[in-house]
Amino acid sequence: MTRLDQIVSFLDKELKTSEVPDYPGAHNGLQLQNGGQVIKVASAVDASLPVFVKAIKSGADLLVVHHGMFWQGGRAITGSAYRKLKMAMDAGLAVYSSHIPLDIHTTLGNNALLMQALELGEGTPFFNWKGIELGRRGYFSGKLGELVNRLESVVGGKAHVRGNLEMPAGIVGLITGGAGSEVEAMAGKGIETFLTGEGPHWSYPLAEELEINLVFGGHYATETLGVQALGRLISREFDVPHEFIDHPTGL
């Protein structure tokens, strides 16, 4: 058992929560407190009602997520929002969320860990967004099809691809999650293969026009590595058990 405020302070410092910009709905940091103690930590991609049910059933009293509770903005605490909040409070489940701070972290981040899993090395930070480097750039010497096969093995699912699988992958730009709308910016930066989670429909025909390879590995699937690493770090630092709550969206 350890104190919740100790874990929160540790995470805020490690992730530079107050320094990293994000979208308005992110609300990075502690989103819901509990009675102040943590016996077990769970990690998950989304702070959804089914994830809360699974986390509570696992015996966790701290849930660390990538997508927090407030992406829809301010709304009435009714219906599923009420059930989720009441369930968490009744069970003493605290919730900590980290979005962009976790994406860009050099050792725990979704981008860095996926680069390593794809055997692309550490890569170099690139693509400035609000004063930070949002993604990572590397080079793959093999064919696009080989890179896609690696990705599908890592994420455990099928990737959606625009490009000739028999052609070289070349310079790879990786931004996990939903960065597909940046395809034109990627082409402008000399990226030959843009790898992300998902994107709008128009990103595919635009990639065709720009003759850039586009690989969608799934928003959820490309963002499971960071929260798992974060959960394991908490477990090591504070000697509490950790469990990853896998609840895929298919997107």
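The values are calculated or read from the model by the stated rules, or taken from the named source; none is laboratory data. Please read these numbers as outputs of a predicted model, since none were measured by experiment. All Cβ positions, glycine included, derive from the backbone under ideal geometry; neighbour counts span all protein chains shown.
Test S235 against the stated conditions and say whether it is polar (S, T, N, Q) and without any contact (Cβ under 8 Å) to a residue 40 or more places away in the chain. Show your work before the answer.
Details: polar (S, T, N, Q): yes; without any contact (Cβ under 8 Å) to a residue 40 or more places away in the chain: no.
So S235 does not fit the description; no.
If we scan the stretch 26-49, do we find a residue that is at pLDDT below 95, part of a loop (DSSP other than H, G, I, E, B) and not hydrophobic (A, V, I, L, M, F, W, C)? If you could, list the steps in order and put the result at the bottom.
So the first thing to find is which residues in the stretch 26-49 are at pLDDT below 95, and the list is none.
No - not one qualifying residue is present in the stretch 26-49.
Using the structure shown, decide if F52 is assigned to a loop (DSSP other than H, G, I, E, B), of a type outside the set (A, V, I, L, M) and under 22 Å from G226 (Cα atoms).
Details: assigned to a loop (DSSP other than H, G, I, E, B): no; of a type outside the set (A, V, I, L, M): yes; under 22 Å from G226 (Cα atoms): yes.
So F52 fails the test.
Is it true that G190 is part of a loop (DSSP other than H, G, I, E, B), surrounded by fewer than 24 Cβ atoms within 10 Å (Cβ to Cβ) and assigned by TED's automatic domain parsing to the domain that holds I132? Before the answer, list the steps.
Working: part of a loop (DSSP other than H, G, I, E, B): yes; surrounded by fewer than 24 Cβ atoms within 10 Å (Cβ to Cβ): yes; assigned by TED's automatic domain parsing to the domain that holds I132: yes.
Yes, satisfied.
Just checking, which of A60, A88 is on the phi < 0 side of the Ramachandran plot, in contact with a strand residue (DSSP E or B) (Cβ under 8 Å, 6 or more places away or on another chain), of a type in the set (G, A, S) and part of a loop (DSSP other than H, G, I, E, B)? So that I can check it myself, show each step before the final result.
Values: A88 fails: part of a loop (DSSP other than H, G, I, E, B).
Within the list A60, A88, the selection yields A60.
Quick one: what pairs do we get from the stretch 136-156, first residue acidic (D, E), second in a strand (DSSP E or B) and buried (at least 17 other Cβ atoms within 10 Å of the Cβ), C-beta under 9 Å, 6+ apart or different chains?
These pairs meet every condition: E146/F140; E146/A169.
Quick one: how many residues across the stretch 13-22 are closer than 26 Å to Q72 by Cα and either at pLDDT below 95 or over 17 Å from the mean Cα position of the chain (by Cα) (or both)?
Taking the stretch 13-22 and keeping what is closer than 26 Å to Q72 by Cα, we get 15-22.
Okay, now just the ones that are also either at pLDDT below 95 or over 17 Å from the mean Cα position of the chain (by Cα) (or both), so 18-19.
The qualifying residues number 2.
Looking at L120, L214, which one is of a type in the set (A, V, I, L, M, F, W, C) and in a loop (DSSP other than H, G, I, E, B)?
Values: L214 fails: in a loop (DSSP other than H, G, I, E, B).
Matching residue, one of L120, L214: L120.
Can you tell me which residue among E223, E209 is buried (at least 23 other Cβ atoms within 10 Å of the Cβ) and not aliphatic (A, V, I, L, M)? Give the derivation first.
Values: E209 fails: buried (at least 23 other Cβ atoms within 10 Å of the Cβ).
Answer to the selection: E223.
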